[in-house]
Amino acid sequence: IFASSFYRSHPEWRRVSKEGKPSGLSFYFPEVRKERVDILMEVAELGADGLLIGCDRQVPMLQYEPPMVEEFLSQSGIDATKIDASDGPEYEQWIQFRADFFTQTLRELQQRLSELSAKRGSKIPVGVRIPAGGSFLNMAQGLDIETWCREGLVDLIDVDPLEETPGESSQDIRPYLDLGHRHGISVIAGIGSTAFRIGGPIAATSDF
């Protein structure tokens, strides 16, 4: 991702940390969303039976991109750079706001897939693979799973017990199963990776 010409050519579309450090591309920007959807559509147009979008190893978490922070401040009166998880409802409002930009990517994908499905005569299902961290951690990482289900944006949730925050995630798949039952969406719970401490550094071990 950091080597693509698209990434190198557009530093203005990158994520920005609270400290002002740029990193990967941000789904806040329509151009980035279109580039991602274009790639997925290329796969679908080649004849794929469905799409599985991996959001576990590389979550679509937005950060503190200045125009996004300004938009949120204008809508809510809250300066996102001045709050953190200890601020409760204000922080929850912030992370739901920024998670909606990846949800918008799924909306745009489904709109374009519907046209291809009509031509093909069958639906092209979309699955999303996510870490089983629980709803709060998922939302903080840009994954508004309940909205995806409510709006019919996904046909499958693939839950990966990836423990990237030792001791902080729940790894409880029952909330995901409940969502699947309520919205008629398939849920797969698999074996992934766990993280643990040895002395001080975090080590990752694969269970495959």
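The values are calculated or read from the model by the stated rules, or taken from the named source; none is laboratory data. Owing to the predicted nature of the structure, the values given are computational and were not obtained by experimental measurement. We place every Cβ from the backbone using ideal geometry, glycine too, and count neighbours over all the protein chains shown. For the accessible areas, the whole protein counts, side chains as well, though only heavy atoms, and no ligand, DNA or RNA atoms are used. Shrake-Rupley method; radii C 1.70, N 1.55, O 1.52, S 1.80 Å.
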Compute the signed sum of charges (Lys and Arg +1, Asp and Glu -1) over the other residues within less than 14 Å, Cβ to Cβ, of residue 178.
+1
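Just to confirm, what accessible area per residue do you get for the chain at 1.4 Å probe, in whole Å²? Mind showing how you got there, number by number?
Values: 10970 Å² over 208 residues.
For the chain, the solvent-accessible area averages 53 Å² per residue.
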Sparse-neighbourhood loop sites, trypsin sites (Lys or Arg not before Pro) in segment 5-112 - DSSP loop, at most 12 other Cβ within 10 angstrom
18, 57
Net charge (Lys, Arg +1; Asp, Glu -1) of residues whose beta-carbon lies under 15 Å from that of residue 65, residue 65 excluded, is -1
Segment 51-164, relative contact order in percent, only Cα pairs under 8 angstrom and at least six apart counted:
36 percent
On the full set of protein chains, 1.4 Å probe, figure out the accessible area of residue 81 and give it in Å² to the nearest 10.
60 Å²
Please identify the helices of the chain, taking whole runs of DSSP H, that span at least 27 Å along their own axis as judged from the Cα atoms and have a mean Kyte-Doolittle score of -0.5 or higher.
none
Check cross-link reach from residue 18 to the lysines: straight Cα distance under 23 Å, and skip same-chain residues fewer than eight apart.
82
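Which longest uninterrupted range of the chain lacks any GluC sites (Glu not before Pro) assigned by DSSP to a loop state (not H, G, I, E or B) and surrounded by at most 16 other Cβ atoms within 10 Å? Please report the intermediate quantities before stating the final value.
Numbers: sites that count: 19, 151, 168.
By the stated rule (loop sites, at most 16 other Cβ atoms within 10 Å), 20-150.
How big is the C-alpha Rg of the chain next to the rule-of-thumb value 2.2 N^0.38 Å, as a ratio?
Numbers: Rg = 17.7 Å, N = 208, 2.2 N^0.38 = 16.7 Å.
Working it through for the chain, the quotient is 1.06.
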With Kirkwood's inverse mean 1/r over C-alpha pairs for Rh, give me the Rg to Rh ratio of segment 1-77, two decimals please.
1.03
14 Å Cα-Cα reach of residue 21 towards aspartates and glutamates, excluding residues that sit fewer than 8 places from it in its own chain
12, 65
Residue 158 accessible area, assembled protein chains, probe 1.4 Å, Å²
20 Å²
Convex hull volume of segment 84-126 per residue (C-alpha atoms, cubic angstrom):
62 Å³
So for the chain, averaging the separation of alpha carbon pairs under 8 Å that are six or more residues apart and normalising by length, what relative contact order in percent results?
17 percent
With label points set 7 Å from each Cα along the Cα-to-Cβ direction at residue 31 and residue 85, the distance between them in nm comes to 3.4 nm
